[in-house]
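The values are calculated or read from the model by the stated rules, or taken from the named source; none is laboratory data. On a predicted model such as this, the values are computed, not experimentally measured, just so you know. Neighbour counts are summed over all protein chains in view; Cβ atoms, including those assigned to glycine, are modelled from backbone coordinates with ideal geometry.
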Amino acid sequence: MKKLFCLSISDGTLQKDIGLLLLRIGVGLMMAFSHGLGKITKYFSGDEIQFLDPIGIGESLSLFLAGSSEFFCSLALVIGLATRIVSVPLIVTMVVAAFIVHADDPFQKKEFALLYLVPFITLFFAGAGRFSVDRMMLSKNR
């Protein structure tokens, strides 16, 4: 029992891989279905698009990029497919949300985007872990 609680991440690869799996599934599903799906649905609804244009590329393209990132990249993250690559659009989306869209807002408005940003950055650096499509593809190529 002591060994389980005292291992550092570098010592306990199983614990690290389970942690990365839970992080990917948790943050990925929450982002995909709490944020991304609504934007994707809105984009393809045929209704007039009213969405912020924080970086000057147009409301429609802004909605499409944010929604695609939040939905499709998050689902790829859940299964661990191209984890480091798909985390980049998610990081960019959260940086834009926190520091451009909510630039003049109090911290409480930025906090939600920042709470998503931290795990996306973590997954960018840590990778998907053992229980992922990335790992399965790497194993088949060896």
Query raised in the report: How many residues, within the stretch 58-90, are among the aromatic types (Phe, Trp, Tyr) and more than 12 Å from the chain's Cα centre (by Cα)?
Result: 1
Query raised in the report: Here are Ile57, Ile25, Ile100: which of them is surrounded by 15 or more Cβ atoms within 10 Å (Cβ to Cβ), hydrophobic (A, V, I, L, M, F, W, C) and out of contact with any His (no Cβ under 6 Å at 6 or more places or on another chain)?
Result: Ile25
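For the stretch 70-80: of the residues being out of contact with any Asp or Glu (no Cβ under 6 Å at 6 or more places or on another chain) and surrounded by 24 or more Cβ atoms within 10 Å (Cβ to Cβ), which is farthest from Ile40 (Cα to Cα)?
Leu77
Could you name every one of the helices (runs of 4 or more DSSP H) located completely within the stretch 1-56 that has at least 2 residues being modelled with pLDDT of 95 or more and out of contact with any Pro (no Cβ under 7 Å at 6 or more places or on another chain)?
Filter on the stretch 1-56 gives 13-31, 37-44.
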Query raised in the report: Which of the residues spanning the stretch 82-102 are small (Gly, Ala, Ser) and in a helix (DSSP H, G or I)?
Result: Ser87, Ala97, Ala98
Query raised in the report: Is it true that Leu65 is surrounded by 16 or more Cβ atoms within 10 Å (Cβ to Cβ) and closer than 22 Å to Ser132 by Cα?
Result: no
Report summary line: Looking across the stretch 103-142 at residues that are among the aliphatic types (A, V, I, L, M) and in a loop (DSSP other than H, G, I, E, B), the single one that is surrounded by the fewest Cβ atoms within 10 Å (Cβ to Cβ) is Ala103
Report task. Answer yes or no as to whether Thr83 is crowded, with 18+ Cβ neighbours inside 10 Å, of a type in the set (Val, Ile, Thr) and touching a Gly at 6+ places or on another chain (Cβ under 7 Å). Result -> yes
